[in-house]
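This report refers to the structure that appears directly beneath it.
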Amino acid sequence: MRHLRKVYDIDRSTYTIIKDTFPRTDFLKLINTCDALLSLHRSEGFGFHLAEAMAMGKNVVATNWSRNVDFMDETNAYPVNYRLVELKENHGHMLKETTGPTPILNTPSPRFVSC
């Protein structure tokens, strides 16, 4: 997150990082209170939370990788490009020394910058 703040000059008081687990109804209420949902992931799977946020009319910023690309593109979301790199440590099911996506943070979407 420090790198993201540096690249986009984001004021820490304007966002909240939540690492808790919520019941589904509380999670949907939380998404509904947000201005945007950010998911810079290495492997998202389908990304139900991304689809749900988009269905609520929220701005969604996510890595342009994994199954979320089935329903996200530049016309309805803010996909973040990536580069494939060799992982130096395990990341969940993605094992050290395998290749995985890393979001490219210094190339913001022109659409996102203008919103």
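Any residue in the range 67-78 that is charged (D, E, K, R), free of Cβ contacts under 8 Å to residues at least 12 places away in the same chain and assigned to a loop (DSSP other than H, G, I, E, B)?
Yes, the conditions are met somewhere in the range 67-78.
Condition first: over 27 Å from Leu87 (Cα atoms) and not in a helix (DSSP H, G or I). Now tell me which residues in the range 42-66 satisfy that.
If we filter the range 42-66 for residues that are over 27 Å from Leu87 (Cα atoms), which is where we start, we get 51-59.
If the condition is that a residue be over 27 Å from Leu87 (Cα atoms) and not in a helix (DSSP H, G or I), then Met56, Gly57, Lys58, Asn59 are the ones that fit.
If Phe71 satisfies all but one of (1) under 13 Å from Thr102 (Cβ atoms); (2) surrounded by fewer than 19 Cβ atoms within 10 Å (Cβ to Cβ); (3) of a type outside the set (D, E, K, R), what's the number of the condition it fails?
(1)
For the range 70-103, how many residues meet the condition of being under 12 Å from the mean Cα position of the chain (by Cα) and more than 26 Å from Thr33 (Cβ to Cβ)?
First, pick out the residues of the range 70-103 that are under 12 Å from the mean Cα position of the chain (by Cα): 72, 77-82, 102-103.
Okay, now just the ones that are also more than 26 Å from Thr33 (Cβ to Cβ), so 81-82, 102.
Residues flagged as under 12 Å from the mean Cα position of the chain (by Cα) and more than 26 Å from Thr33 (Cβ to Cβ) within the range 70-103 amount to 3.
Looking at Leu30, Leu4, Leu37, which one is modelled with pLDDT under 95, within 14 Å of the chain's Cα centre (by Cα), over 26 Å from Thr98 (Cα atoms) and not in a loop (DSSP other than H, G, I, E, B)? Show your work before the answer.
Numbers: Leu30 fails: within 14 Å of the chain's Cα centre (by Cα); Leu4 fails: over 26 Å from Thr98 (Cα atoms).
Within the list Leu30, Leu4, Leu37, the selection yields Leu37.
The values are calculated or read from the model by the stated rules, or taken from the named source; none is laboratory data. Every value quoted in this text rests on a predicted model; they were computed, and no experiment measured them. Because the Cβ atoms are built from the backbone with ideal geometry, glycine has one as well, and the counts that use them run over all protein chains shown.
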